[in-house]
Each structure stands twice: as C-alpha cells, then as structure tokens.
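Worksheet for the structure shown next.
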Amino acid sequence: TSRDSEGAHRPVSKVPAGGSSQTMISMTNVQKHFGDLHVLKDVDLEVPAGQVVVILGPSGSGKSTLCRTINRLEPIDSGEIRIDGKLLPAEGKTLAALRADVGMVFQSFNLFAHKTILQNVTLAPMKVRGKSKADAEKRGMELLERVGIASQRDKYPAQLSGGQQQRVAIARSLAMEPKVMLFDEPTSALDPEMVNEVLDVMVSLAKEGMTMLVVTHEMGFARKAADRVIFMADGAIVEDDEPETFFTNPKSDRARDFLGKIL
Ligand code: ADP
Ligand code: MG
C-alpha cells in the first residue's frame, strides 16, 4: 500500500542492532476479574521489540488494568505474560528483576517529593541496579539533558511545572534501562500548554526504537508515532490495526462510535 508523509515513521529498521526481531511483550489468554467484574477477557497481545502500540478505548474498558498486569502491579487470574521471553512470575526475585525491565509512567507523576530532581533519577539505579553514585549521576544527567531539564537538577519536584515533572518521571524510568516503557495517560493531568513538551519526549523515544505501550487520547501522537493501534472495549481487544487503517476504516461499531466522540 502507498504511504503518506508519515511513511518515514514506519518500523522498517526497528529491530535491535545485531539481532533478529524478537517479541518483547507477550500476553496469552490473560484473564482478570475484580470480584464479579470480568475486566480482562482472554487477552492475547504480542508486541515485537521496538514497536509503539497506542491503546485506545472508552473509560473503564480495562486499558490501565492491562498496563498494570504487565509489571504485575495487578496479578492476573490465569494466562501468561512474558517480558522479552521470560515468564512473569507471581512473586520473588525474578519478579523484581523483570519489573525493573518495565518502566511505567502514570498520569500522576509520583516523584519523590523530598528528593531533588537528580536524586529522583539516581535513587533506583543505585538501589536496584547496584550502580555507583558517580555512574548513576552521570547517566542521570544524560537523561535529564535528553528530556531538557538538566538545569533543574537541584530543585525539588514541587518547584517544577507539571510538564517538567512528567519529563523527570520519564527520565527516572529510563534510568533503570528498561526494555519496555508503559505510559498510562501521561498527559491527561497536564495543562494543555504542557502536553506537547511531554509528547515530544515520547516521540523521540519511539524513534530511537524503544518498545512502548501508550494509553492516550492524543490522536496526534497516535498518528505520528504509533506503529499499531489497539482498541479495547469491555475488557477485550476489539481492534488491532495500523493507525491509518484504524482511523480511516474502523471495523467495529464500537470503534466507530468511540472515534466519532473523540475526533
Ligand atoms: P480504563 O483504564 O480503560 O479506564 P481500568 O482498567 O481502570 O479502565 O478499569 C476497568 C474496570 O475495572 C472499570 O470498571 C474499573 O472500575 C474496574 N477497576 C479498576 N481497578 C479496580 C480495582 N482495583 N478494584 C475494582 N475494580 C476496579
Ligand atoms: Mg485508565
């Protein structure tokens, strides 16, 4: 099929250097209930390394729960989740190690209020990854540069704007050298003028080949950076397609209805 001007963003070269394409996230027959509520209904999802997946769907459809099961903030009832081929266990050391491979950025930035910006990005690499302070600070400063916030290194979170705090939250996740980044409505709590500074960081991350799962209502981001759009309704994946196909030709009534409301 012919591509439009967005064609430059297709995932042609999004394969890890020196390796063949591998599956980074794999969910198989995943079931999850909250009491009587069947919140994930037999979810199957395979995300190859380097792919950027945008998850859309009405409120309550299970998008956040799906993300949270991937680093086991939510346990699942049955099924299997693998990160880079390794089975996500219920608990224990292996779980801690696999969790460290999955970065997560939420709507609320959740920075450590009593730590400086630099301390926020160096703490976990030192504690969990065993990095020296010097190494953690060197890498931390590189990441703060990258999200455009290096000059704020000695400030505290409350001294920064929401957009700046969310960029620090992204840097903090990246400091763990994750294999996968999950974003759950990362711009929903921001004032409108700060949305783009956060999306720009996410777009650059996407272009560098990070495997990303992004729940967002920002259709501009979906069109610009997504390789794939997944539409959820009532705990099930209802559509799974390329962005242009999804936006121009949704197959289900539910997706058409949803797009009619947000576009
Ligand atoms: P979304 O992110 O798509 O809005 P969620 O995954 O947050 O959807 O929620 C899916 C459904 O599960 C909703 O009906 C929500 O009320 C319910 N739910 C989410 N978390 C819990 C919980 N901890 N306990 C009980 N019900 C929950
Ligand atoms: Mg949600």
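The values are calculated or read from the model by the stated rules, or taken from the named source; none is laboratory data. Everything numeric in this text was worked out from a predicted model, so none of it was measured. Quick reminder, even Gly has a Cβ in these numbers, built from the backbone with ideal geometry, and neighbours come from all protein chains shown. Calculation scope for accessible area: heavy atoms of the full protein, side chains included, ligands and nucleic acids excluded. Shrake-Rupley method; radii C 1.70, N 1.55, O 1.52, S 1.80 Å.
Just a few scattered comments:
- P157 fulfils the conditions (1) modelled with pLDDT under 95; (2) open to solvent by less than 20 Å² (accessible area, probe 1.4 Å) except for a single criterion, (1).
- Within segment 102-121, the set of residues being under 21 Å from F183 (Cα atoms) and in a helix (DSSP H, G or I) comprises I117, N120, V121.
- At least 1 residues being within 16 Å of ligand 1 (Cβ to nearest atom) and under 13 Å from the mean Cα position of the chain (by Cα) is the threshold, and among the helices (runs of 4 or more DSSP H) wholly inside segment 160-263 those reaching it are 219-225.
- Search result, residues across segment 174-198 that are surrounded by fewer than 22 Cβ atoms within 10 Å (Cβ to Cβ) and touching a His at 6+ places or on another chain (Cβ under 9 Å): E185, S188
- Considering only residues in segment 104-113 that are at negative phi and surrounded by fewer than 16 Cβ atoms within 10 Å (Cβ to Cβ), the one that is nearest to ligand 2 (Cβ to nearest atom) turns out to be S108.
- Selected residue [free of Cβ contacts under 8 Å to residues at least 40 places away in the same chain and assigned to a helix (DSSP H, G or I)] from A134, A124: A134
- Residue list for segment 24-48, filter: within 16 Å of I83 (Cβ to Cβ), of a type in the set (A, V, I, L, M) and open to solvent by 10 Å² or more (accessible area, probe 1.4 Å): M24
- Selection within segment 50-65 - more than 10 Å from ligand 2 (Cβ to nearest atom) and buried (at least 24 other Cβ atoms within 10 Å of the Cβ): V52, V54, L56
- Scoring L73 on the criteria (1) within 16 Å of ligand 2 (Cβ to nearest atom); (2) on the phi > 0 side of the Ramachandran plot leaves a single failure, condition (2).
- Condition met for T211 (hydroxyl-bearing (S, T, Y) and in contact with a helix residue (DSSP H, G or I) (Cβ under 9 Å, 6 or more places away or on another chain)): no
- Selected residue (criterion: nearest to E185 (Cα to Cα)) from residues of segment 31-79 that are more than 13 Å from ligand 1 (Cβ to nearest atom) and at pLDDT below 95: N71
- Long-range neighbours under 7 Å by Cβ, at least six apart or interchain, first residue on the phi > 0 side of the Ramachandran plot within segment 166-192, second within 16 Å of ligand 1 (Cβ to nearest atom) and assigned to a loop (DSSP other than H, G, I, E, B): E185/Q107; E185/T216
- Pairing each residue of segment 80-104 that is closer than 23 Å to D184 by Cα with any residue that is among the basic types (K, R) and loosely packed, with under 14 Cβ neighbours inside 10 Å, provided the two are 6+ apart or on different chains, yields C-beta distances under 8 Å for L98/K86.
- So T116, is it hydroxyl-bearing (S, T, Y), in contact with a helix residue (DSSP H, G or I) (Cβ under 7 Å, 6 or more places away or on another chain) and away from ligand 2 (no atom under 16 Å from the Cβ): no
- Any chance G209 is surrounded by fewer than 19 Cβ atoms within 10 Å (Cβ to Cβ) and touching a residue at least 24 places away in the same chain (Cβ under 8 Å): yes
- Looking only at residues in segment 66-103 that are under 20 Å from F231 (Cα atoms) and buried (at least 21 other Cβ atoms within 10 Å of the Cβ), the one that is nearest to the chain's Cα centre (by Cα) is C67.
- Residue check for M202: under 26 Å from M126 (Cα atoms) and surrounded by fewer than 23 Cβ atoms within 10 Å (Cβ to Cβ): no
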